[in-house]
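K.L.:
First the structure, which I've put down as structure tokens, then a few questions once you've had a look.
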Amino acid sequence: MKKNSDNKAKRAGTRAAEACNISGIVKGKSGDFKGAIRDFDKAIKHDPEYAPAYINRGNAKHLLGDFKGAIGDCVKAIELEPKSAAAYNNLANAKTGLGDYSAAIKDYDTAIQLNPRDAQYYCNRGFVKNKLGDKENALKDINKAKELGYNAETDKINLYPEK
């Protein structure tokens, strides 16, 4: 009987985390990154194993310039969800913010390996390759991103994964 009530409590915590996460996504898309972080914090409090909240909070921290905080959240998300391409992409974004381009490339490579259909990952990796002076491979990544439907204008809207 105890196990059944534990499962119900866990599901209720996850549902509450999902609601807070969605609220954070909405705030993040409107540019309220601090408000988004507060909502992601609430989501994590409801369910400390809810990886999307760490992914999204890391993204919001990155957008506020807290690259080390973003890295911590992305590492936690990867511990919880090792096959999360979004977590690796956001980790790479934060490393790019710190200027650790070689490490960022490795994380973009992993994101692309996990989800080769996401144009944003190619675009991000191409940007970093260009920063490193690898213009030829940067252009290949940008062309692949375009082939997959990358559009710089809509990218500004898609700051958070839809989980």
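The values are calculated or read from the model by the stated rules, or taken from the named source; none is laboratory data. The model shown is predicted, which means the values in this text are computed figures rather than measured ones. No Cβ is skipped: glycine too gets one built from the backbone with ideal geometry, and neighbour counts run over all protein chains shown.
Yes/no per residue for (1) surrounded by fewer than 21 Cβ atoms within 10 Å (Cβ to Cβ); (2) of a type outside the set (Val, Ile, Thr):
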residue: Val75; (1), (2): yes, no
residue: Pro82; (1), (2): yes, yes
residue: Lys95; (1), (2): no, yes
residue: Gly99; (1), (2): yes, yes
residue: Ala103; (1), (2): yes, yes
residue: Tyr108; (1), (2): no, yes
residue: Ala138; (1), (2): yes, yes
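K.L.:
For the stretch 110-131, what are the residues that are assigned to a loop (DSSP other than H, G, I, E, B) and surrounded by fewer than 14 Cβ atoms within 10 Å (Cβ to Cβ)?
P.N.:
Scanning the stretch 110-131 gives Pro116, Arg117.
K.L.:
Right, something else. For residues in the stretch 1-28 being among the basic types (Lys, Arg) and at pLDDT below 95, which is farthest from Gly58 (Cα to Cα)?
P.N.:
Only one residue tops the list, namely Lys2.
K.L.:
How about the stretch 132-154: which of its residues are modelled with pLDDT under 90 and among the hydrophobic types (A, V, I, L, M, F, W, C)?
P.N.:
Ala152
K.L.:
Further, regarding this structure: Six or more apart or on different chains, Cβ atoms under 7 Å: show the pairs whose first residue is in the stretch 73-98 and more than 16 Å from Ala53 (Cβ to Cβ) and whose second is outside any helix (DSSP H, G or I).
P.N.:
Ala85/Asn115; Ala85/Asp118
K.L.:
Now, a different point. With Ile105, Ile44 as the choices, which residue is under 24 Å from Leu132 (Cα atoms) and out of contact with any Lys or Arg (no Cβ under 6 Å at 6 or more places or on another chain)?
P.N.:
None of the others qualify; the one that does is Ile105.
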